[in-house]
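For reference, the structure discussed in these notes is given below.
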Amino acid sequence: MAANNSDSDTMICEACKRKQTAAVNGNGWKAYHGKSEHVLSDLADGSVGAVITDPPYGTGANGVTARTASTSTKYRTTGAAELPEFAGDSLLPEAWSAMMSKVWRECYRVCGEGAVVLAFCDWRAFHPMLTQITSVGFKSRGVVVWNKGRGARPTKNGFRAQSEFIIYASKGKLRERPNPFYGDGVINCTTKVNNKRHTTEKPLQLMAELIKCAAPGALIVDPFQGSGTTGEAAIAAGYEFIGIEETEAYHKIATERLRNAER
């Protein structure tokens, strides 16, 4: 978790870096409030063992006008409580692509050899997300399908929006492990989340399964931690964790959740 002094530091606006808050430190975890690319630029080269994240998809609709709508408009189901908007999703495609490219370049730099990447996306974001991840140097290793079951929203005269994808990649060759992990390529898990804290919050059960892909002792980083589900799963499994969140409301929610998880 040491600071990095590489040339990439000079590429980040110092005024922007000052806007991010100092890390909140816990027992084996840190939570940052700031832009992902800014915070990542301060992490040491090769210090990360896994990037497990649910980044903004920049989609949620087929037309540009609908894509740039508020996140509560795009993702909130009828009758659901209104939650804070989250950053990075309601952007023009070019702006979303530029933001995500910066993040993935920094992720590649901070990842050590053999580090794994698991990144959520929907069918619209799959191709651009995979292209961005592999173009910075990560090796594509496959796709995990999250089967949400029949609780997912139906489509009139079409097929139920029942699945999301998780891009699986690594930095070079995977590390050898004394106890190999054999994960399913399709994970069946309901979308139901009790006391939902984030508009697109993923179930803890799902994240707990994905965390198993990280090698023992790996530092796990989530550049878009939202309400902190990845962090809670990481802490429960005994990993060190760094979470980054740009939206202040969600940073506070995640920090409190991580504190509770270590108790």
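The values are calculated or read from the model by the stated rules, or taken from the named source; none is laboratory data. Fair warning: this is a prediction, and the values are worked out from it, not measured in the lab. Counting neighbours? That spans all protein chains shown, and the Cβs are built from the backbone with ideal geometry, glycine included. Note: accessible area is taken over every heavy atom of the protein model, side chains too, but ligands, DNA and RNA are not part of it. Shrake-Rupley method; radii C 1.70, N 1.55, O 1.52, S 1.80 Å.
Structure above, values below:
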{"read-out": "Hits in the stretch 234-260 - residues which are under 17 Å from the mean Cα position of the chain (by Cα) and among the acidic types (Asp, Glu)", "value": "GLU240, GLU245, GLU246, GLU248"}
{"read-out": "Per-region count, the stretch 182-214, residues assigned to a loop (DSSP other than H, G, I, E, B), open to solvent by less than 70 Å² (accessible area, probe 1.4 Å) and not small (Gly, Ala, Ser)", "value": "10"}
{"read-out": "Filtered residue count, the stretch 154-173, keeping only those that are surrounded by fewer than 17 Cβ atoms within 10 Å (Cβ to Cβ), out of contact with any Ser or Thr (no Cβ under 7 Å at 6 or more places or on another chain) and not β-branched (Val, Ile, Thr)", "value": "9"}
{"read-out": "Residue, nearest to the chain's Cα centre (by Cα), within the stretch 44-56, restricted to residues that are closer than 12 Å to ILE244 by Cα and either of a type in the set (A, V, I, L, M, F, W, C) or open to solvent by 10 Å² or more (accessible area, probe 1.4 Å) (or both)", "value": "ASP54"}
{"read-out": "Some residue of the stretch 101-120 being in contact with a helix residue (DSSP H, G or I) (Cβ under 6 Å, 6 or more places away or on another chain), at pLDDT below 60 and either of a type outside the set (Phe, Trp, Tyr) or farther than 24 Å from ALA249 by Cβ (or both)", "value": "no"}
{"read-out": "Residue tally, condition open to solvent by 10 Å² or more (accessible area, probe 1.4 Å) and out of contact with any strand residue (DSSP E or B) (no Cβ under 7 Å at 6 or more places or on another chain), over the stretch 97-122", "value": "10"}
{"read-out": "All positions within the stretch 23-37 that are crowded, with 21+ Cβ neighbours inside 10 Å and outside any strand (DSSP E or B)", "value": "GLY34, LYS35, SER36, GLU37"}
{"read-out": "In the stretch 167-179, residue farthest from the chain's Cα centre (by Cα) [restricted to those that are part of a loop (DSSP other than H, G, I, E, B) and under 30 Å from LYS102 (Cα atoms)]", "value": "GLU176"}
{"read-out": "Residue list for the stretch 180-224, filter: at positive phi and in contact (Cβ under 8 Å) with a residue 12 or more places away in the chain", "value": "GLY217"}
{"read-out": "Residue in the stretch 232-243 that is under 19 Å from GLY142 (Cα atoms), at pLDDT 95 or above and open to solvent by 10 Å² or more (accessible area, probe 1.4 Å) present", "value": "no"}
{"read-out": "Scan of the stretch 133-166 for residues that are under 29 Å from ALA95 (Cβ atoms), assigned to a helix (DSSP H, G or I) and modelled with pLDDT under 95, ordered by number", "value": "none"}
{"read-out": "The stretch 215-229, residues that are over 14 Å from the mean Cα position of the chain (by Cα) and open to solvent by less than 10 Å² (accessible area, probe 1.4 Å)", "value": "ALA218"}
